[in-house]
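A.B. asks: Have a look at this one.
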Amino acid sequence: MLSHDEADEFDIPTSGPIGDDEITAQLFRSAFNASVSPKAVTRRWRELTPEQAREVWTSLTAWVRWLVATYQLTTSVVPDCWWRHPEIVAELYALQRAELASYTDEDRGFGPLAFHERLPHAVERLRMHTRTAGCVGLQAHKEPTPRLLATDDPEFLEWQNASHQLGI
């Protein structure tokens, strides 16, 4: 495996004007030369500091407004109270990060296409989450009730400590 310093030396001979070998070499070069900026960081929501939360929420809110307006998404896909539903927020954040990753200096044009190929699947998942949340049918926000799994059940504790491997 090459280090970042050796990335410029990475070369695969081509067998023509721009063959499969050159495309492969370009992919490897872009993997080694990928620029990482602070704005490119994808974060876990449950681990955000207050400062990170403000930055992520500001960015996500602007992006969701853009997404809803650009793709003319209805409230059955993204309800007005989207920010109050963790499952919808998680889906929108994942979609935002995918869209941002699709537009990089190293991309040769396939990133935007891949994003648009995934978009209908994300819209369908958002529609399912919104339907489950129940806010659109009520025409008002319905507070989600978190389901917390018990972790102190004696049966679970016993199960947790066992190996569960087949005795082959």
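The values are calculated or read from the model by the stated rules, or taken from the named source; none is laboratory data. Because the structure is a prediction, the values reported are computed rather than measured. Because the Cβ atoms are built from the backbone with ideal geometry, glycine has one as well, and the counts that use them run over all protein chains shown.
A.B. asks: Are there any pairs with C-beta distances below 6 angstrom linking a residue in the stretch 107-135 that is farther than 13 Å from residue 92 by Cβ to a residue that is of a type in the set (S, T, N, Q) and surrounded by 12 or more Cβ atoms within 10 Å (Cβ to Cβ), with the two at least 6 apart or on different chains, and if so which?
C.D. replies: These pairs meet every condition: 111/102; 112/102; 115/102.
A.B. asks: Under 12 Å from the mean Cα position of the chain (by Cα) and surrounded by 11 or more Cβ atoms within 10 Å (Cβ to Cβ): is that true of residue 52 in this structure?
C.D. replies: Details: under 12 Å from the mean Cα position of the chain (by Cα): no; surrounded by 11 or more Cβ atoms within 10 Å (Cβ to Cβ): yes.
Taking the combined requirement at face value, the residue does not satisfy it.
A.B. asks: Quick one: would you say residue 26 is assigned to a loop (DSSP other than H, G, I, E, B) and either modelled with pLDDT under 90 or exposed (fewer than 12 other Cβ atoms within 10 Å of the Cβ) (or both)? Full working, then the answer.
C.D. replies: Details: assigned to a loop (DSSP other than H, G, I, E, B): no; either modelled with pLDDT under 90 or exposed (fewer than 12 other Cβ atoms within 10 Å of the Cβ) (or both): yes.
Criteria not met by residue 26.
A.B. asks: Here are 122, 150, 69: which of them is closer than 25 Å to residue 44 by Cβ, assigned to a helix (DSSP H, G or I) and of a type outside the set (Phe, Trp, Tyr)?
C.D. replies: Numbers: 150 fails: assigned to a helix (DSSP H, G or I); 69 fails: closer than 25 Å to residue 44 by Cβ.
Of the residues listed, the single one that is closer than 25 Å to residue 44 by Cβ, assigned to a helix (DSSP H, G or I) and of a type outside the set (Phe, Trp, Tyr) is 122.
A.B. asks: Of the numbered conditions (1) of a type in the set (Gly, Ala, Ser); (2) exposed (fewer than 11 other Cβ atoms within 10 Å of the Cβ); (3) under 25 Å from residue 89 (Cβ atoms), residue 163 satisfies every one except a single condition; which is it?
C.D. replies: (3)
A.B. asks: Please find, among 86, 79, 144, the residue that is surrounded by 13 or more Cβ atoms within 10 Å (Cβ to Cβ) and not assigned by TED's automatic domain parsing to the domain that holds residue 41. Outline the logic, then answer.
C.D. replies: Working: 86 fails: not assigned by TED's automatic domain parsing to the domain that holds residue 41; 79 fails: not assigned by TED's automatic domain parsing to the domain that holds residue 41.
Residue meeting the stated conditions: 144.
A.B. asks: Got at least one residue in the stretch 39-49 being at pLDDT 90 or above, in a helix (DSSP H, G or I), within 30 Å of residue 146 (Cα to Cα) and in the same structural domain as residue 134 (by TED's automatic domain parsing)?
C.D. replies: Yes, that holds for at least one residue.
A.B. asks: Also: Could we say that residue 93 is in the same structural domain as residue 57 (by TED's automatic domain parsing) and touching a residue at least 24 places away in the same chain (Cβ under 8 Å) here? Walk me through how you get there before you give the answer.
C.D. replies: On the way: in the same structural domain as residue 57 (by TED's automatic domain parsing): yes; touching a residue at least 24 places away in the same chain (Cβ under 8 Å): yes.
Here the answer is yes, as residue 93 does meet what is asked.
A.B. asks: Suppose the filter is farther than 18 Å from residue 42 by Cβ, surrounded by fewer than 17 Cβ atoms within 10 Å (Cβ to Cβ) and either aliphatic (A, V, I, L, M) or touching a Cys at 6+ places or on another chain (Cβ under 6 Å) (or both); does residue 62 pass it? Spell out the reasoning first.
C.D. replies: Details: farther than 18 Å from residue 42 by Cβ: no; surrounded by fewer than 17 Cβ atoms within 10 Å (Cβ to Cβ): yes; either aliphatic (A, V, I, L, M) or touching a Cys at 6+ places or on another chain (Cβ under 6 Å) (or both): yes.
Criteria not met by residue 62.
A.B. asks: As an exercise: evaluate residue 71 against (1) touching a Leu at 6+ places or on another chain (Cβ under 8 Å); (2) crowded, with 17+ Cβ neighbours inside 10 Å; (3) not β-branched (Val, Ile, Thr) and give the number of the one condition it does not meet.
C.D. replies: That leaves (2) as the condition not met.
A.B. asks: Right, another one. Whether any residue in the stretch 102-110 is surrounded by 15 or more Cβ atoms within 10 Å (Cβ to Cβ) and of a type outside the set (Ser, Thr, Tyr) is what I want to check.
C.D. replies: Going residue by residue through the stretch 102-110, those that are surrounded by 15 or more Cβ atoms within 10 Å (Cβ to Cβ) are 102.
Filter again for of a type outside the set (Ser, Thr, Tyr), leaving none.
Among the residues of the stretch 102-110, not one is surrounded by 15 or more Cβ atoms within 10 Å (Cβ to Cβ) and of a type outside the set (Ser, Thr, Tyr), which makes the answer no.
A.B. asks: Further, regarding this structure: Considering 106, 155, 124, which residue is modelled with pLDDT of 90 or more and either in contact with a Lys or Arg (Cβ under 9 Å, 6 or more places away or on another chain) or among the acidic types (Asp, Glu) (or both)?
C.D. replies: On the way: 106 fails: modelled with pLDDT of 90 or more; 155 fails: modelled with pLDDT of 90 or more.
None of the other options fit; the residue is 124.
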